[in-house]
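Structure record follows, encoded as structure tokens.
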Amino acid sequence: MTRLDLSGKKGVVFGVANARSIAWAISQELADAGAELAFTYQTERLLDSVKKAVTSLGDPCLVECDATEPGQVEAAYEKAVAALGKLDFVVHSIAYAERDDLGGDFSKTGIDGFRTALEVSAYTLIPITALAVPHMGEGGGSVVTLTFDASEKVYPGYNVMGTAKAALENAVRQLAAEFGPKAVRVNAVSAGPLPTLAARSIPGFNEMRRSHAARAPIGRNITHTEVADAAVFLLSDLSSGITGHVLPVDGGYGIMGI
Ligand SMILES: NC(=O)c1ccc[n+]([C@@H]2O[C@H](COP(=O)([O-])OP(=O)(O)OC[C@H]3O[C@@H](n4cnc5c(N)ncnc54)[C@H](O)[C@@H]3O)[C@@H](O)[C@H]2O)c1
């Protein structure tokens, strides 16, 4: 259902891996609202599944971009802007940790795994935001990233990814403060657990789903669409007074003590 008119708005989406990706749920709503999109994909290996996911949009601009590789984010924006003409928004929906660093004792996290998780899942928001700003023009724009409650609370198994999400949320605030004067807003949606490729590698993920359904005031798990709704709101002018914040889409799970 289209609730917003985003015709004329253009944006880049980082993080579609397949049709179950949160980034794809957000993209569908953006496209339904009339926005024009370009997509990055992490590696050649994902190209087929990304193409398959985005096929309903016709032939959108697809650009390979490993966000941790020097120069690739900049090059991706150049190609995307050549196709779109300008940028109004960016979706950062990227995270990764080595399997060995998910589950087990957090205290055993090695420095390489720590660096990888923090680099991919938190650091990449910095160049992805900063390098978008020059393409946004005087009207500014909006950047949305995806985070999880493990930034503040302990979810056994989520381990170093919780540390990465804490860093990501801090980066949201610092980027919002820096780019606010340029009318660029930066916010995060904190999503409840959703079955995706990335979620499958988190030990205890099914338990997280069960716990959310049992304890959240809405009495069920949240959906991809509900997360996309919140992201699209933050990407649109309806949220023009909101920046630097984390919006939970968790069915109220986070307010419960027991
Ligand atoms: N699924 C959940 O339960 C849940 C809950 C809260 C937050 N999130 C967050 O949502 C975001 C999207 O995850 P998802 O659940 O849709 O899973 P997903 O696997 O569909 O998406 C993760 C994306 O990150 C990309 N990525 C990883 N390393 C990259 C790199 N170096 N360069 C560029 N891209 C890279 C992958 O290619 C993939 O497209 C992540 O930040 C995740 O932590 C997910």
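The values are calculated or read from the model by the stated rules, or taken from the named source; none is laboratory data. Note that the coordinates shown come from a computational prediction; the quantities given were computed from them, not determined experimentally. Heads up, the Cβs are rebuilt from the backbone with ideal geometry, glycines too, and the neighbour counts pull from every protein chain shown.
Structural remarks
- Selection status of residue 192, within 12 Å of the ligand (Cβ to nearest atom) and either on the phi < 0 side of the Ramachandran plot or of a type in the set (Asp, Glu) (or both): yes
- Checklist (1) within 11 Å of the ligand (Cβ to nearest atom); (2) at positive phi applied to residue 104, failing item: (1)
- Criterion violated by residue 45 - all others in (1) charged (D, E, K, R); (2) within 14 Å of the ligand (Cβ to nearest atom); (3) in contact with a Lys or Arg (Cβ under 7 Å, 6 or more places away or on another chain) satisfied: (3)
- Residue list for the range 75-91, filter: surrounded by fewer than 17 Cβ atoms within 10 Å (Cβ to Cβ), charged (D, E, K, R) and in a loop (DSSP other than H, G, I, E, B): 86
- The single condition among (1) more than 10 Å from the ligand (Cβ to nearest atom); (2) more than 17 Å from the chain's Cα centre (by Cα) that residue 170 does not meet is (2).
For (1) within 17 Å of the chain's Cα centre (by Cα); (2) crowded, with 16+ Cβ neighbours inside 10 Å; (3) at pLDDT 95 or above, each residue gets a yes or a no:
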{"residue": "111", "(1), (2), (3)": "no, no, yes"}
{"residue": "129", "(1), (2), (3)": "yes, yes, yes"}
{"residue": "133", "(1), (2), (3)": "no, yes, yes"}
{"residue": "140", "(1), (2), (3)": "no, yes, yes"}
{"residue": "145", "(1), (2), (3)": "yes, yes, yes"}
{"residue": "193", "(1), (2), (3)": "yes, yes, yes"}
{"residue": "219", "(1), (2), (3)": "no, no, yes"}
{"residue": "222", "(1), (2), (3)": "yes, yes, yes"}
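- Number of residues in the range 53-74 that are within 13 Å of the ligand (Cβ to nearest atom) and assigned to a helix (DSSP H, G or I) equals 4.
- Close pairs from the range 188-212: first basic (Lys, Arg), partner modelled with pLDDT of 95 or more, Cβ under 7 Å, at least 6 apart: 209/193; 209/221
- Residue 183 being surrounded by fewer than 20 Cβ atoms within 10 Å (Cβ to Cβ), closer than 28 Å to residue 105 by Cα and in contact with a Gly (Cβ under 9 Å, 6 or more places away or on another chain): no
- The residues of the range 93-124 that are part of a helix (DSSP H, G or I), acidic (Asp, Glu) and in contact with a helix residue (DSSP H, G or I) (Cβ under 7 Å, 6 or more places away or on another chain), listed by number, are 100, 101.
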